[in-house]
Amino acid sequence: MQAQILVIFGASGDLAQRKLLPALCSLYAGKSLAKDFLVLGVSRTAKTDDSWRAEIKSSLHDKPAIDEFVKNIFYQQIDTANPNEYSVLSEKIKVLLKGREMPANVVFYLAVPPHLSAQIPSWLAAQGLNNQEDGFKRLVLEKPFGHDLPSAKKLNMDLLEHWQEEQIYRIDHYLGKETVQNLLVFRFANEIFDAMWNHRFVDYVEITAAETLGVENRSGYFDSSGSTRDMLQNHLLQVLAMVAMDPPLSYDAESVRNETMKIFKSLRPFNQYDLENKVVFGQNIGAKVKGEQIKAYREENGVPKDSRTETFVALKAYIDHYRWNNVPFYLRTGKRLPTRVTEIVIHFKPTPHPAFVGNPSGVIGNNQLVIRIQPDEGILLKIGLKEPGSGFKVKTVNMDFHYKDLSHIRVPDSYERLLMDAMLGDATLYALGQAVEYCWEFVDPILHYKEAEAKIWGYSAGTWGPLLADELMARDGRQWRYPCKCLTSDGETCEL
């Protein structure tokens, strides 16, 4: 890694304290950072270098490395919404570089409110901080990337006015998770699976991202966003693209991102019939879960009493692509569901000649491949085997792999991987501006339908969403998998 400065806007915020700084400290402890690596925190809050160092020590966990790590941390107070104060930031960067034999390599991480995502890059450019003659300059942007298609296009236009696309890193922390990345290796390094990864063998695919928590302290953001914008438009569609993409020509950023962009472009647009029959919105109502009374969404602090914001969305989508001809993809995400879990389930078609249908165990379930992103990360394959004894009584059994079994290997946090990639200049796991626009093209009609006429169905906290979400599957003779936090425990409770 080259020597560089990581400038974090919003340094006193929750994301920096909980995710970015601990991830950087872990990278430092693992000797993954350059010898000359500096962190410059930028925020409106008045702090000194020493006071910020003392403050962030409480959020760091790699105790042996903390004291050395914080020596590389500095702070600069500016009003980030005032373009006239960016000259102060420019001077601070010059001071940090002075006396150090290192190029002016700078990564700007924007952990800021969405309205500043386009303004800060232009104000940086006005100070020449986009100029790469004396070292690389990069932008890392947190979602949301726009609020809809027009705003996403405007954001991209504003960014590209002063920055090149290869300088822009649009982060999605889901893509930093080890299991998502391993999906590519699992598919393309194992011909036995990739050969079956198409409409000839796959019946349907489901992708679930479930949360047990409510909106917590994010009601202001979430009520103007909802689950469709907050989760579906970015996280779920990004995971879908990783599942559905064709093999890239090589495993470099351009090739991988081009293949995922083809999937976004191939998503079949929803017509009015699709919107009315293939999309379900829900909002959680209060319920007692494990003896605790859970608030309804409208009872959360800061949420309007008449809010129509969805805390759950499920839909059935198709990809107009030869590999996935008429294979449905069922996606769902929601808050206040029974367990926190994100997983992909590939449901394979039944055997052409069901020889064992008449056995005492009844109809045999189809093979399933479960790729667990979180928690209990791993891969589960469900197959049928004969039970010992006379006759042909068939039982579904599990073949599973868990990352926790690799006790000698530490699974890095998603922000560790993504920060490392941005600092190395590897954009493989970051989204292209055009890809973001294709995602909004698919999602915009869904949002317009929800805001204009769709019904928002109530569901009790601690359940798997509205009953209509089950009917979405049941109409096709299918059903969701009801996962536990343990990968191998379907619909059961367990302790990790």
Original post:
What area, in nm² and to one decimal, does the C-alpha convex hull of region 133-181 cast on average over all directions?
Top reply: 4.5
Subject >> Shape category assigned to region 96-251 from the gyration tensor of Cα positions, a/c cut at 1.5 >> reply: oblate
**OP:** Please work out how much length the chain gains when fully extended from LEU467 to GLN181, using 0.36 nm per residue of separation minus the C-alpha to C-alpha distance, in nm with one decimal.
**Re:** 99.7 nm
Subject >> ALA474/THR351 FRET efficiency (R0 25 Å; Cβ-Cβ; nearest 0.05) >> reply: 0.65
Subject >> Förster-model FRET efficiency, 41 Å R0, ASP490 and ALA126, C-beta, rounded to 0.05 >> reply: 0.15
Subject >> Neighbour-count order for PHE188, PHE145, fewest beta carbons within 10 angstrom listed first >> reply: PHE188, PHE145
**OP:** Using all C-alpha to C-alpha distances in region 1-123, build P(r) with 10 Å bins and read off the rounded percent in each one.
**Re:** 13, 47, 34, 6, 0
Subject >> Pairwise label distance in nanometres, LYS305 with SER460, each label 7 Å out on the Cα-Cβ vector >> reply: 2.5
Original post:
So which lysines pass the test for LYS290, namely a Cα distance under 20 Å, with those fewer than 8 places away in the same chain ruled out?
Top reply: LYS335, LYS485
Original post:
Against the longest principal axis of the chain, how steep is helix 116-126, in degrees 0 to 90 to the nearest 10, with axes from Cα atoms?
Top reply: 40
**OP:** Kindly express, to the nearest 10 degrees and within the range 0 to 90, the angle between helix 433-452's C-alpha long axis and the longest C-alpha principal axis of the chain.
**Re:** 60
Subject >> Sites VAL88 and ALA54, calculated FRET efficiency, Cβ-Cβ separation with R0 22 Å, nearest 0.05 >> reply: 0.45
**OP:** For ALA81 and PHE136, calculate 0.36 nm times their separation in residues minus their Cα-Cα distance, and state this gained length in nm to one decimal.
**Re:** 17.3 nm
**OP:** Counting helices only, and only those DSSP H runs with n ≥ 4, report the 222 nm mean residue ellipticity of the chain as the sum of -39,500 (n - 2.57) divided by its residues, in deg cm²/dmol to the nearest 500.
**Re:** -9000 deg cm²/dmol
Original post:
What pairs in LYS382/LYS455; LYS47/LYS98; LYS143/LYS404; LYS19/LYS404 have C-alpha atoms more than 32 Å from each other?
Top reply: LYS382/LYS455
Subject >> Interchain or long-range residues, amide H under 5 Å from TYR75's placed H >> reply: GLY41, ASP49
Original post:
If you compute Cα Rg over 2.2 N^0.38 Å for the structure shown, which of (i) 0.97; (ii) 1.04; (iii) 1.28 do you land on?
Top reply: (ii)
Subject >> Two-site label geometry, ASN217 and GLN434: point separation in nm, points 7 Å out along Cα→Cβ >> reply: 4.1
**OP:** With a point put 7 Å past each Cα toward its Cβ, work out how far TYR273 is from HIS448 in nm, to one decimal.
**Re:** 1.9
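Only the coordinates and a few stated rules stand behind these numbers; no lab work does. The structure presented is a predicted model; accordingly, all values stated were derived computationally and were not measured. Note that each Cβ is placed from the backbone with ideal geometry, even for glycine, and that neighbours are counted across all protein chains shown.
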